[in-house]
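Asks: The structure under discussion is supplied below as structure tokens; questions concerning it will follow.
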Amino acid sequence: MQFKLLVDVYEQLEKISSGNTMREILANFFKTVPKEDISIVAHLTLGQIDSQYEGIVLGLAEKSIIKAIALASGQSETKVKELVQKKGDAGLAAEEVLHKKPRTLVPVGTLTIHLLYETLHKIAQTSGSGAQEKKTSLLASLLQKASPLEAKYLTRIVLGTLRMGVGEMTVLDALALAYTGEKKNKEILETAYNICPDVGEIAKTLAHKGLKGLEKIEIHVGRPIKMMLAQRIESLDELTKKMPGKVAVEGKYDGERVQAHKDTTGKITLFSRRLDTITAQFPDLVKHLEKHVKAKEYVIEGEILAIDKKGRPLPFQTLMQRRRKYDVEQYAKDIPIQLKIFELLYLDGKAQFQEPYEKRLAQLQKILREGEGVMPADRLITDDLEKIDRFFHEMLDQGYEGIMLKSLSGEYQAGTRGWNWIKWKKEYAKDLGDTFDLVVVGAYHGRGKRSGMYGALLCAAYNRENDSFETVCKLGTGLTDELLEELPKKLAKYKVGQKPARVHVSREMEPDVWFEPKIVVEVLAAEITKSPHHTLGLALRFPRFLHFRDDKTAEQATTTKEIKEMKNKK
Ligand code: ATP
């Protein structure tokens with residue numbers, strides 16, 4: 001398939017702001033895509049060349065991109081660079097210079113999506129000496145085949161700045177519509193996507209094997225499954241209703257969730273909550289796992305904690321310093337970690353996640369040897385609320401966040417905030433309100449002491465049903481001077497000229513600056529009240545910034561449904 005056909009769709013999507021129209025355009029387009037191309041096309045509509053978890057990095061320096069544009073257009077690098085600065089968008093600059101390409105530079109063939117996909121993969125794989133030159137000439141070879149409009153989008157894909165406002169859920173909706181004629185079948189796609197979070201694989205399976213094929217999708221070592229999340233309760237007494245009888249009570253640790261996969265060759269891969277590959281950041285954890293978890297093949301989950309010399313947990317922010325590309329070994333020495341393992345999802349050729357908790361736990365206990373850096377989650381099995389409360393306070397005394405209550409007969413509900421897991425945290429127990437993970441969608445210019453900076457942020461919750469973001473609070477409290485300085489830098493990458501299509505904001509709340517929904521912040525709020533100004537219809541009272549949740553994607557933020565349920569319970 002020619003890249004031009006996809007570019008025509010990008011052009012249409014860029015101009016619309018309605019989620020439904022977006023779905024229709026995509027569905028109509030998907031119907032025309034040959035089956036063998038649908039996987040690549042599904043990724044490219046999200047601006048990716050593969051799934052997030054593959055961790056593909058093109059490794060092209062901006063300088064190299066400018067050089068490639070210059071080569072393909074016959075312009076000087078200085079001219080291209082000036083234009084990029086003037087336009088603030090290398091895509092638009094590429095489009096303009098290619099328009100002015102001298103006639104003597106004849107186009108060399110057409111650009112197909114296969115060629116684009118293969119060449120971009122080649123660029124990613126090129127390393128070693130002279131890599132930047134090789135990458136540049138590969139990119140130039142693509143740009144030489146591109147029309148000005150194709151060059152605009154190709155450049156944005158390469159830079160990772162293709163912002164069509166299309167979310168994964170919108171792509172699943174459109175696939176369901178295109179291949180089954182009914183949006184309601186999306187549920188089947190979503191269930192498969194929770195086990196195989198790869199839109200390309202879902203699209204390919206649907207195109208070739210239909211809904212039946214999707215129902216058979218299995219967990220695979222090396223491909224993460226979407227992580228299960230926990231429900232909340234208002235008081236511990238409520239537990240008896242939600243999970244009668246004995247339950248497993250575990251410590252709730254405030255660190256980084258990790259899913260560790262070991263394949264039959266012994267290779268261990270670590271995936272984050274966002275399903276990014278984070279193996280390179282934790283070489284020490286890989287060693288600990290090699291030593292203390294004894295099975296040929298497994299998928300397990302746990303929480304990584306930074307610990308002090310006495311083994312006590314350090315704050316989440318300390319652990320976040322381990323999120324780095326450089327000086328990894330030094331930081332591994334300076335900030336030692338420990339993994340509290342709580343789940344087994346796959347073992348030696350067999351999926352385990354749909355087995356009852358009790359069975360999964362028994363298998364986990366068989367393969368896990370407690371040792372340096374690795375240990376089972378603290379655990380108690382009981383039906384006695386007093387014992388649960390005592391365990392909860394013990395966990396708080398040890399510096400943990402609270403407890404997790406797990407149904408002994410419950411399966412692991414991939415990608416779902418299911419009732420088989422319930423969290424009970426210190427904020428609830430002290431009636432301090434609750435914490436919410438919200439997406440920054442806009443900012444207001446500061447006044448007085450804050451003039452010249454952002455004074456407040458407009459924050460939204462995620463509406464999973466519509467794949468959109470609805471606002472719930474204006475956040476100004478808790479932003480320290482340091483943070484106010486950091487904010488413009490952190491948010492600059494996501495600044496956009498107009499309201500992103502998936503963001504819903506009332507006129508009263510329109511911010512001075514818009515952001516693509518990407519950055520997640522954790523907010524503590526005292527109460528949920530009705531509000532005519534926020535598009536959710538509810539607002540958080542006295543919201544206070546706690547910290548960034550860089551471990552979460554926008555689609556993993558607190559959902560509008562959760563906030564509504566919390567309001568109804570009060
Ligand atoms: P929170 O901000 O309360 O951590 P969350 O939205 O990040 O909420 P929840 O589903 O509410 O996630 O809580 C589950 C999270 O708690 C997991 O993602 C995991 O990182 C962490 N966690 C800590 N200890 C455990 C445990 N024993 N079992 C499961 N998850 C645990």
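Asks: Per-residue ellipticity at 222 nm for the chain, helices alone: DSSP H runs ≥ 4 residues times -39500 (n - 2.57), over residue total, nearest 500 deg cm²/dmol?
Replies: -11500 deg cm²/dmol
Asks: How many nm is it between the label spots at Thr191 and His121, if each spot is 7 Å from the Cα in line with the beta carbon?
Replies: Reported label-point gap for Thr191 and His121 is 3.1 nm.
Asks: Only bridges whose two residues both fall in the chain count here: according to DSSP, what percent of them are antiparallel, nearest 5?
Replies: If we restrict to bridges inside the chain, about 85 percent are antiparallel.
Asks: Next up: Relative contact order for region 229-430: what percent, with Cα pairs under 8 Å and sequence separation of 6 or more?
Replies: Value for region 229-430: 32 percent.
Asks: Could I ask something else about it? Which residue, Leu368, Tyr298, Gln354, has the largest displacement toward the positive end of the dipole of region 229-430 when charges sit on each Cβ (Lys, Arg +1; Asp, Glu -1)?
Replies: With unit charges placed on the Cβ atoms, the residue in question is Tyr298.
Asks: What is region 48-159's relative contact order, in percent, from Cα pairs under 8 angstrom and six or more apart in sequence?
Replies: Details: 121 pairs, mean separation 45.6, N = 112.
Relative contact order comes out at 41 percent.
Asks: Taking a point 7 angstrom from the Cα of Lys246 along the C-beta vector, which residues in region 350-365 have backbone N less than 17 Å away?
Replies: Zone members listed by number: 356-365.
Asks: What list of ³J(HN,Hα) values in whole Hz, one per residue of region 226-231 in order, does the Karplus curve 6.51 cos²θ - 1.76 cosθ + 1.60 (θ = phi - 60°) give from phi, with Gly and Pro shown as x?
Replies: 5, 7, 6, 10, 10, 8
Asks: Any idea what the relative contact order of the chain is, in percent, if you count C-alpha pairs under 8 Å spaced at least 6 apart?
Replies: With pairs under 8 Å counted, the relative contact order is 12 percent.
Asks: What chymotrypsin sites (Phe, Trp or Tyr not before Pro) in region 284-327 are in a loop by DSSP, with at most 16 other Cβ atoms within 10 Å of the Cβ?
Replies: Sites meeting the loop and neighbour criteria: Tyr326.
Asks: Could you work out how much longer the chain between Asp512 and Arg464 gets when fully extended? Use 0.36 nm per residue separation minus the Cα distance between them, nm to one decimal.
Replies: 14.7 nm
Asks: Please give me, ordered by residue number, the trypsin sites (Lys or Arg not before Pro) of region 409-450 that lie in loop per DSSP and have at most 11 other Cβ atoms within 10 Å. All intermediate terms of the calculation are to be shown ahead of the outcome.
Replies: Values: sites: Arg417, Lys423, Lys425, Lys426, Lys430, Arg447, Lys449, Arg450; in loops: Lys430, Arg447.
Sites meeting the loop and neighbour criteria: Lys430, Arg447.
Asks: Using a Förster distance of 30 Å, how high is the FRET efficiency between Glu290 and Ala362, based on the Cβ-Cβ distance and rounded to 0.05?
Replies: 0.85
Asks: Calculate the dipole size of region 163-229 relative to its Cα centre from +1 charges on Lys and Arg beta carbons and -1 charges on Asp and Glu beta carbons; express the result in debye to the nearest 20. Don't jump to the answer; show the numbers that get you there.
Replies: Details: 10 positive and 9 negative charges, 17 e Å.
Here the size comes out at about 80 debye.
Asks: Per residue, what volume in Å³ does the Cα convex hull of region 48-159 take up?
Replies: Dividing the Cα hull volume of region 48-159 by its residues yields 95 Å³.
Asks: Still on this structure, please answer the following. Just to confirm the filter: which trypsin sites (Lys or Arg not before Pro) across region 185-216 are DSSP coil and have at most 14 other Cβ within 10 angstrom of their Cβ?
Replies: Loop-located and lightly packed - Lys216.
Asks: Sticking with this one: Determine the share of region 229-430's accessible area contributed by carbon and sulfur atoms, expressed in whole percent, with a 1.4 angstrom probe. Don't jump to the answer; show the numbers that get you there.
Replies: Values: 4300 of 9100 Å².
Reported share for carbon and sulfur atoms: 47 percent.
Asks: Next question, about the same structure. Using the Cα atoms of the chain, I'd like the radius of gyration and the largest Cα-Cα distance, Dmax, both in angstrom.
Replies: Cα radius of gyration and Dmax of the chain are 24.8, 83 Å respectively.
Asks: While we're here: Residue separation times 0.36 nm, minus the C-alpha to C-alpha distance between Leu408 and Met1: what's the value?
Replies: On the way: separation 407, 0.36 × 407 = 146.52 nm, distance 5.06 nm.
Contour length minus the Cα-Cα distance gives 141.5 nm.
Asks: Taking 37 °C and 0.692 mPa s as the conditions, I'd like the Stokes-Einstein D for region 434-569 in µm²/s, using the Kirkwood hydrodynamic radius from alpha carbon pairs.
Replies: After rounding, the answer is 224 µm²/s.
Asks: Further question on the same structure: Roughly what would the spin-label model give for Lys490 and Arg232, points 7 Å off Cα along C-beta, in nm?
Replies: 2.1
Asks: Given a 1.4 angstrom probe, what's the average accessible area per residue across the chain, in square angstrom?
Replies: Working: 25720 Å² over 570 residues.
Value for the chain: 45 Å² per residue.
Asks: For the pair Lys309 and Lys63, what calculated FRET efficiency results from E = 1/(1 + (r/R0)^6), where r is the Cβ-Cβ distance and R0 = 30 Å, to the nearest 0.05?
Replies: So the FRET efficiency works out to roughly 0.10.
Asks: Given the options Leu115, Leu536, His220, identify the residue whose Cα lies farthest towards the positive end of the charge dipole of the chain (+1 on Cβ of Lys, Arg; -1 on Cβ of Asp, Glu).
Replies: Selected residue: Leu115.
Asks: Need the full-extension length gain, Glu329 to Glu182, defined as separation in residues times 0.36 nm minus the C-alpha distance. One decimal, nm.
Replies: Taking 0.36 nm per residue and subtracting the Cα distance, the gain is 47.8 nm.
Asks: With a point put 7 Å past each Cα toward its Cβ, work out how far Glu427 is from Gln317 in nm, to one decimal.
Replies: Using points 7 Å along Cα→Cβ, the separation is 1.6 nm.
The values are calculated or read from the model by the stated rules, or taken from the named source; none is laboratory data. Note that the coordinates shown come from a computational prediction; the quantities given were computed from them, not determined experimentally. For neighbour counting, all protein chains shown are included, and Cβ atoms are generated from backbone atoms with ideal geometry for every residue, glycine included. Just so you know, the surface numbers come from the protein's heavy atoms only, side chains and all, with ligands and any DNA or RNA stripped out. Shrake-Rupley method; radii C 1.70, N 1.55, O 1.52, S 1.80 Å.
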